[in-house]
Every structure is written in structure tokens, then in C-alpha cells.
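First the structure, in the form of C-alpha cells, and then the observations on it.
The values are calculated or read from the model by the stated rules, or taken from the named source; none is laboratory data. Since the model is a prediction, treat every value here as computed from it, not as a measurement. When we count neighbours, we look across all protein chains shown, and the Cβ atoms used for this are built from the backbone with ideal geometry, even at glycine. Ligands, DNA and RNA are stripped out before the accessible areas are found, and what is left, the full protein with its side chains, is counted by its heavy atoms. Shrake-Rupley method; radii C 1.70, N 1.55, O 1.52, S 1.80 Å.
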Amino acid sequence: GMRQGYMLADNYGEAYRNAPGFKGIGAQPQLDHRYLNEDVGSGLVFMSALGRQVGVETPTTDAIIQVATVLMNRDYAGEALRTPASLGIADLSAEELGKL
């Protein structure tokens, strides 16, 4: 960021709040936006499933999925847009995934 001229500070929080390269760029005007829908539906649901597959609990991820489900009235887990099965890795162990 600093090398490219987007930020003036070397502190992440301050740099993004005051960065001239990001001036005028705001948050999305509504929750029903692809950033939220894709991050939850394709990212977090996938990570939760992968965790179950390899025996890793994901309580915080699961809670975020549940909160988004309630807020958006959308069954992200039920939709399962991206899964270990859809990527052809559903039968792999943690060791096999590491090698992959």
C-alpha cells in the first residue's frame, strides 16, 4: 500500500481511514450485496464443511453463517454454493489435502 502510494501511514487501521487512494470509496449501500453473499455462501459455508471433513470445529464461522442466514433470510448452508464435493476433495483426509 505505502509503496504504491495508496496509503501514507504504516499502521493498517490509520492507513485505510486516511488513505488518499481510497478516499470516496464507501461501504456497500445495502447488506444484500455480492460481497456478503459470496463470502458467506461460497467462502464460510465451504470452510465450515471442510472443517467438519477433517475434524476441526468451526464455531465462530458457523455462528457468522447463522447470523447472515437470519439477517438475509437466506439458507446459505442449504444452498452450499461451493463444497468439498463440488471441488472433488470430499474424500481427502487432512494429510491428503495438505499434500494437494
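Computed values, structure above
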quantity: Considering residues of segment 46-79 that are among the charged types (D, E, K, R) and assigned to a helix (DSSP H, G or I) only, the residue nearest to the chain's Cα centre (by Cα); calculated: Asp62
quantity: Hits in segment 25-44 (condition: free of Cβ contacts under 8 Å to residues at least 24 places away in the same chain and among the β-branched types (Val, Ile, Thr)); calculated: Ile25
quantity: Filtered residue count, segment 1-38, keeping only those that are modelled with pLDDT of 85 or more and surrounded by 15 or more Cβ atoms within 10 Å (Cβ to Cβ); calculated: 2
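For every residue, the table says whether it meets (1) in contact (Cβ under 8 Å) with a residue 40 or more places away in the chain; (2) open to solvent by 60 Å² or more (accessible area, probe 1.4 Å); (3) not aromatic (Phe, Trp, Tyr).
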position	(1), (2), (3)
Ser48	no, no, yes
Val56	no, yes, yes
Asp62	no, yes, yes
Met72	yes, no, yes
Ile89	no, no, yes
Leu97	yes, no, yes
Leu100	no, yes, yes
